[in-house]
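As structure tokens, the structure follows; a few thoughts come after it.
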Amino acid sequence: MPFRIVALVAALIGSALAPGSGTAAPAGSQVLVSSTLNGTLHVIDASALTETQPPLPVKGTSPVRLWVERFGSRTLLLSANHGIQGSLGVYDLDGPLVTELPLSPFPSGGPGSVGIAAGTFGAGGTPMIFLTDTVQALGGCGLPQGTVSAFDASLLATAGVATRFATVSTQGTIPYAVAFDGERGDVLVSNTCDDTLVQFTVAASGGPLPGYGMTPTGVATTGAGPDAVLYDAGASRTYVTNIGGDSVSVFARGLGPVAATAQTTVPLSGAGPIDATLADSTSGARWMITSNGEDDTVSVIDRTAIGACIAAGMAVCPAEAARIFAGVDGGAPEGVAYDPATNRVFVVNKTIGSPALSVIQLSESGGTVSGSHIATIPLRVLGEAAPVPDLIAFDVVVRTR
């Protein structure tokens, strides 16, 4: 988009993007849930467990995975919109209500966007966003290889514009999740049908105009059916949940020859781990929490114990600290998020026709952790009191304030 057009757009929508415009936003943590087939977002207070605004209709098709990122002065919610045309949705979290930016959504490089990650790249701190595209909105492992798309978000906080600068093959079928190591510029993608984790690296394009490119730089073998990918910057490790393997694979930073195999594998008593989140408790504990879609539970994994296993050269690491029932039989847990302010875990039960959000209260004592289901929040089209349920929900994130 030419600079003059960007500047004009920025002037026209500046009031909508200006920090602090309108009434001050609530101070508590926000829980944000994607209602995929209804094309809406739910906004829930993490403490009161009530919706803070009516469900927000999105302009893209079928929001799936969500991500919260602060770029400059703006805290934004990002969504991977799954559909015949995949896209990136962007929402303002700093106003009294969550609203979608005027120019959102931004088309990705392929259909069926499903994974999303964001961060800043390099010493200059360039904001970037990454989407995986499964190539088809529906289908199976016989489909062509998927793609990963990269966006330069330098103008997102000020002008509401994201520019796609690369779309490359994921070198595997049905890419699900993506993670980003901004210091090195490494983008990590799970190919669920091929049991691989593929690394791409972002670099300056070297052309006459400023820009970036993205090329494949490594591949590793995971457990069966990899899905969630989390980069743990504090430990310089990457975690991958394996749906078919009931486990988590742990990799060293970078996927060159040394890191092409897992440092260790954490077996889980929960079945079918799908999504995952990193949870740094105010107690100082460092957890990883998975949603286990096949037995309606979450697993709490001790990341400090993983470090001890790696130091000891253990190929199998018994780091699962707890397995907790999510509170809904047959709920098929999908998305999972953690709020350190309340020490609560939020789990999306994607049950077709009656999706709900489960709330688990964690308790920590003497280095051990346990949890109990304390609430189930129905996800409904017109808000909590309406009788019409959503069709299906997928993901949840927490914006902590």
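Across segment 141-156, computed HN-Hα scalar couplings (Karplus, 6.51 cos²θ - 1.76 cosθ + 1.60, θ = phi - 60°) run 6, x, 6, x, 5, x, 9, 10, 10, 10, 10, 8, 9, 4, 9, 5 Hz from first to last residue, x flagging Gly and Pro.
Can you bin segment 199-308 into rounded, prolate or oblate? Criterion: square roots of the alpha carbon gyration tensor eigenvalues sorted a ≥ b ≥ c, rounded for a/c under 1.5, prolate for a/b above b/c, oblate for the rest. Prolate, since a/c reaches 1.5 and a/b exceeds b/c.
The charge dipole of segment 65-165, taken about its Cα centre with unit charges on the Cβ atoms of Lys, Arg (+1), Asp and Glu (-1) only, comes to about 100 debye. What translational D, rounded to a whole number of µm²/s, comes out for the chain from Stokes-Einstein when the hydrodynamic radius is the Kirkwood one over Cα pairs, at 37 °C and 0.692 mPa s? It diffuses with D of about 156 µm²/s by this estimate.
Close amide H partners of Asp390, meaning residues 5 or more places away or on another chain with modelled amide H under 5 Å apart, are Leu379, Arg380, Val381. In segment 76-214, the convex hull through the Cα atoms has an average projected area of 8.6 nm², a quarter of its surface area. Charge tally around Val98: other residues with Cβ under 14 Å, Lys/Arg +1 each, Asp/Glu -1 each, net -1.
Could you point to the residue in Thr201, Gly140, Val229 farthest towards the positive end of the chain's charge dipole, with +1 and -1 charges on the Cβ of Lys/Arg and Asp/Glu respectively? Checking the options against the dipole of the chain, the answer is Thr201. Rounded to the nearest whole Hz, the Karplus-based 3J(HN,Hα) values (6.51 cos²θ - 1.76 cosθ + 1.60, θ = phi - 60°) of segment 29-46 follow the sequence 5, 9, 9, 10, 10, 8, 9, 6, 6, 8, x, 9, 10, 9, 10, 10, 6, 5, with x at glycine and proline.
To the nearest 20 debye, what charge dipole does the chain have about its Cα centre, counting +1 at the Cβ of each Lys and Arg and -1 at the Cβ of each Asp and Glu? In debye, rounded to 20, the chain gives about 820. Of the two radii for segment 137-279, the radius of gyration is 0.99 times the Kirkwood radius, both from the alpha carbons; that is the Rg over Rh value. According to the Cα-based calculation, Rg over Rh for segment 246-401 is 1.02, with Rh computed by the Kirkwood formula. Karplus-derived 3J(HN,Hα) values for segment 117-134, using 6.51 cos²θ - 1.76 cosθ + 1.60 with θ = phi - 60°, are 8, 8, x, 10, 10, x, 5, x, x, 6, x, 9, 10, 10, 10, 9, 10, 6 Hz; glycine and proline are entered as x.
Working from Cα pairs under 8 Å separated by at least six residues, relative contact order for the chain is 12 percent. The H on the amide N of Thr126, modeled in the peptide plane, is under 5 Å from the matching H of Phe121, each at least 5 residues off or on a different chain. Across segment 287-361, C-alpha contacts under 8 Å between residues 6 or more apart give a mean separation that, scaled by the residue count, equals a relative contact order of 27 percent. Annotation: amide H-H contacts under 5 Å for Ser62 (H modelled 1.01 Å from N, sequence separation of 5 or more, or interchain): Gly39.
Largest first, the three principal axis extents of the alpha carbons in segment 46-100 are 36, 28, 16 Å in whole numbers. Could you pull out the longest piece of the chain with no exposed loop GluC sites (Glu not before Pro) in it, calling a site exposed if DSSP puts it outside H, G, I, E, B and it has at most 15 other Cβ atoms within 10 Å? Longest gap between qualifying sites, sites excluded: 1-182.
Rule-based calculations on the coordinates, nothing more; no lab input. Because the structure is a prediction, the values reported are computed rather than measured. Heads up, the Cβs are rebuilt from the backbone with ideal geometry, glycines too, and the neighbour counts pull from every protein chain shown.
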